[in-house]
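As structure tokens, the structure follows; a few thoughts come after it.
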Amino acid sequence: MQNLVAYALPFSMGRNAADLSGNRKLGQVFLALMDDPLLSKPIKRYIVFCLLIRSKPAGWLNIARKYVSAMKRDDLYLRHMLHVAIKQFKEEINTEAERLELKELIASVRLRREVNIKVPSTGEIKRTIGKLDAGDFWDEGRSEVS
């Protein structure tokens, strides 16, 4: 039971922070915080990541992908990041452009986790999105994180 609680805690903290403070007006602040050395602990960076993808300021995708590429492929927080990005895609209101950016982020995280590609090319991301499209991954009833 303790392992389940410990596993769920980061997701809960990130989601609550995003629900309470993740608005577009603060987006540039969250963007700047992603590079703050005082936030070097993984849980802090994960929470700022959650705030960043909720607020989606200009340039958020590049910073989020940079953060994904800096993580180890088997890092627990990388799995949490994938989970929160999928939730953002499926449950929140996003413009079509934001949905496309979220697809790119999700594809980047999956490539990092499954294929161990640090910085995927545009072609690799497009191929991954195509595979996810073909598998109806974006549908509501699909499983979220493998």
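The values are calculated or read from the model by the stated rules, or taken from the named source; none is laboratory data. These numbers come from a predicted model, not from an experiment. No Cβ is skipped: glycine too gets one built from the backbone with ideal geometry, and neighbour counts run over all protein chains shown. In case anyone asks, the SASA skips ligands and DNA or RNA and just uses the protein heavy atoms, side chains included. Shrake-Rupley method; radii C 1.70, N 1.55, O 1.52, S 1.80 Å.
Counting only residues that are surrounded by fewer than 16 Cβ atoms within 10 Å (Cβ to Cβ), touching a helix residue (DSSP H, G or I) at 6+ places or on another chain (Cβ under 9 Å) and of a type outside the set (A, V, I, L, M), the stretch 1-15 holds 1 of them. Among the residues of the stretch 22-46, just one is among the hydroxyl-bearing types (S, T, Y) and in contact with a Phe, Trp or Tyr (Cβ under 9 Å, 6 or more places away or on another chain), namely Y46. Every listed requirement among (1) out of contact with any His (no Cβ under 8 Å at 6 or more places or on another chain); (2) farther than 21 Å from I125 by Cβ; (3) of a type outside the set (K, R) is met by Y46 save one, (1).
Just one of the numbered conditions (1) within 13 Å of the chain's Cα centre (by Cα); (2) farther than 21 Å from R15 by Cα is not true of T122: (1).
Out of curiosity, is A18 modelled with pLDDT under 95, of a type outside the set (F, W, Y), open to solvent by less than 20 Å² (accessible area, probe 1.4 Å) and farther than 21 Å from I129 by Cβ?
Judged against the criteria, A18 is a match.
Just checking, does the stretch 6-14 include any residue being more than 26 Å from I117 (Cβ to Cβ) and in contact (Cβ under 8 Å) with a residue 24 or more places away in the chain? Working first, answer last.
From the stretch 6-14, those more than 26 Å from I117 (Cβ to Cβ) are 6, 8-9, 12-13; that's our starting set.
With the extra rule that they be in contact (Cβ under 8 Å) with a residue 24 or more places away in the chain, the set shrinks to 13.
There is at least one residue in the stretch 6-14 that is more than 26 Å from I117 (Cβ to Cβ) and in contact (Cβ under 8 Å) with a residue 24 or more places away in the chain.
Cβ-Cβ contacts under 6 Å between residues 6 or more apart (or on different chains), taken from a first residue in the stretch 17-40 that is in contact (Cβ under 8 Å) with a residue 24 or more places away in the chain to a second residue that is of a type in the set (D, E) and part of a helix (DSSP H, G or I), are absent.
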